[in-house]
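The values are calculated or read from the model by the stated rules, or taken from the named source; none is laboratory data. All of these numbers come straight from a predicted model, not from anything done at the bench. Here Cβ is always computed from backbone atoms with ideal geometry, including for glycine, and neighbour counts include all displayed protein chains. Remember, those area values only see protein heavy atoms, side chains included, never the ligands or the DNA or RNA. Shrake-Rupley method; radii C 1.70, N 1.55, O 1.52, S 1.80 Å.
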Amino acid sequence: MFRTFFPVTSEQKTTVSNTSETIITAPHETDVLDPRTDASHTSTDAAYAAYAAGSSVPAIRPVQIGPITVPTPVVLSPMAGVTNWPFRVLCEEYGPDGLYVAEMITARALVARNPKAFRLCRFAPSEKIRSLQLYGVDPSIVEQAAHIVVDGGMADHVDLNFGCPVPKVTRRGGGSALPWKTDLFRELIERVVRVCGAANIPVTAKIRVGIDHEHETFLEAGHIAQEEGCAAVTLHARTTAEYYGGHSDWSRIGELTAALDIPVFGNGDIWGADDAVEMVRQTGCAGVAIGRGCQGRPWLFADIRNAFAGNPARVDPTLGEVGRVIERHAELLVEFYDGDERMAVHDLRKHVAWYLKGYPVGGSTRRAFMECESLDDVRREIGLLDPSMRMSERVRDKPRGRVRFAKKVHLPYGWLDSRVTTHEQRQTLFGDDPMDASY
């Protein structure tokens, strides 16, 4: 196994409350490091590669999500600003018959009929299963959003976000902060399942291990989700405080898998197909959810499909082939933005940075792509690439960047004082928040 455990240092965690919020500072919350990004443990990387190359493939079976059969249990995790339908289409074209989930939709924005929220709810005709993720804190608002989805025939599957760790979400009690309040968590799931269940639309939930290791919630949250009718749960095996640091602790996925009767999907640090196989082998989870690992690499889903089938073939695209993917992505984004090339090309910029990562193209080429304003500009820059160039072996199937230590966790004032919400907290949380209704 390639995951290495390090003890938490003696540096103390601090929790500070003021009249507006509670902030947890945990400098060394992350104690599970990935030797592939830790210079002092590179030998473990080689050992893992040798182990993975010679190991057998665990049994991978179709997963039933309510009335939906997922033939190969692989999920494209919803990522804000990334998993709109153009990117989902690219991933699904490469990959197996899995779940390719739309980026998080804010329930309040949907209820407010925000045009961008409805744009994000669009699906391409080719998408086999229309998977939509909703985010919210107020059960009434999320229930109303679920009614809009159901009444409009907008989705075949609804996922609920309880995993987002970003401060602007958690300081409102949302995302990965919400399962700490068991009454709120249970009520929100119950309401959405009731609405969606009437239309035979399955509901799933995405969670994290907890707020930090002193405030873990995943086992209790998993049981509540199961009791209230969720068809499956996805666990990102980090706490909020760990953010995306170190390496996710896959053992927690194994714990949740053993504790629940519904399928558990594992999420965190799947950078290559061998990682997906190894996660299933270590944890016994029903399937895997892919997030940052597929950014700029939609063909990762082809690799995972092959790996789960015991096929050693992997996609190794030349830069010319990547250029063709970039061009197709740009064209799909123009369609997504109703013909607005400028918006499409601006959206493409972050993807181009990911597509080019690992190819020695130079800073001037990267800057030129960032200055593109039209499809013709993008095509011109693609034409200047060396089509024979291949990705450096040094970065293939490796984590993209390193964030080792914990982040500050921003929570509503007094959030950790109790596992249930007070009347005052609900009044504060459920008040009008412009951020929730806009994009």
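When both the range 212-254 and the range 99-144 are represented by their alpha-carbon centers, they are found 23 Å apart. Simple rule: put +1 on each Lys or Arg Cβ and -1 on each Asp or Glu Cβ in the chain, find the dipole, and look at 369, 189, 315; the Cα lying farthest toward the positive end is 369.
Within the accessible surface of the chain, defined with a 1.4 Å probe on protein heavy atoms only, the carbon and sulfur portion equals 51 percent. If you sort the three axes of the alpha carbon gyration tensor as a ≥ b ≥ c, you get a/c of 1.5 or more for the range 228-320 and a/b above b/c, which makes it prolate. Charge dipole (Cα centre; +1 on Lys/Arg Cβ, -1 on Asp/Glu Cβ; no other charges) of the chain amounts to roughly 580 debye. In this label model, residue 388 and residue 427 are separated by 7.3 nm, measuring between points 7 Å along each Cα→Cβ vector. Put 328, 194, 396 in order of accessible area, highest first, and with a 1.4 Å probe you get 194, 328, 396.
Sorted largest first by accessible area at a 1.4 angstrom probe radius, with every protein chain in place, the residues 337, 135 fall in the order 337, 135. Only Cα pairs under 8 Å and 6+ residues apart enter the sum, and on that basis the relative contact order of the range 86-203 stands at 24 percent.
Past the 18 angstrom mark, what percentage of all C-alpha to C-alpha distances in the range 84-148 do you count? Every Cα pair in the range 84-148 considered, those over 18 Å come to 38 percent. Residue 140 contributes about 40 Å² of solvent-accessible surface, heavy atoms of the protein only, 1.4 Å probe. Taking a ≥ b ≥ c as the square roots of the eigenvalues of the Cα gyration tensor, the range 289-439 is classed as prolate, since a/c reaches at least 1.5 and a/b is larger than b/c.
Ordering 274, 159, 151 by accessible surface, largest first, gives 151, 274, 159; the 1.4 Å probe counts only protein heavy atoms, with every chain in place. Fully extending the segment from residue 396 to residue 124 would add 94.9 nm, taking 0.36 nm per residue of separation and subtracting the current Cα-Cα distance.
Per residue, the accessible area of the range 250-308 comes to 21 Å² when a 1.4 Å probe rolls over the protein heavy atoms.
Per-residue ellipticity at 222 nm from helix content only, as computed over the chain with -39500 (n - 2.57) for each DSSP H run of at least four residues, stands at -11000 deg cm²/dmol.
Taking a ≥ b ≥ c as the square roots of the eigenvalues of the Cα gyration tensor, an a/c ratio below 1.5 marks the chain as rounded. May I have the pair-distance distribution P(r) for the range 185-244, computed from all Cα-Cα distances with 5 Å bins from 0 and rounded to whole percent? Taking all Cα pairs of the range 185-244, the binned fractions are 4, 20, 27, 20, 14, 9, 4, 1 percent.
Rounded to the nearest 20 debye, the dipole size of the range 97-248 about its Cα centre is 680 debye, using +1 on the Cβ of Lys and Arg and -1 on the Cβ of Asp and Glu. Using Cα pairs under 8 angstrom and six or more residues apart, how large is the relative contact order of the chain, in percent? Relative contact order here is 20 percent. Within the range 284-363, the percentage of alpha carbon pairs spaced more than 21 angstrom apart rounds to 41%.
Under 18 Å of direct C-alpha separation, and excluding same-chain neighbours fewer than eight residues apart, residue 128 reaches these aspartates and glutamates: 92, 93, 97, 103, 156, 159.
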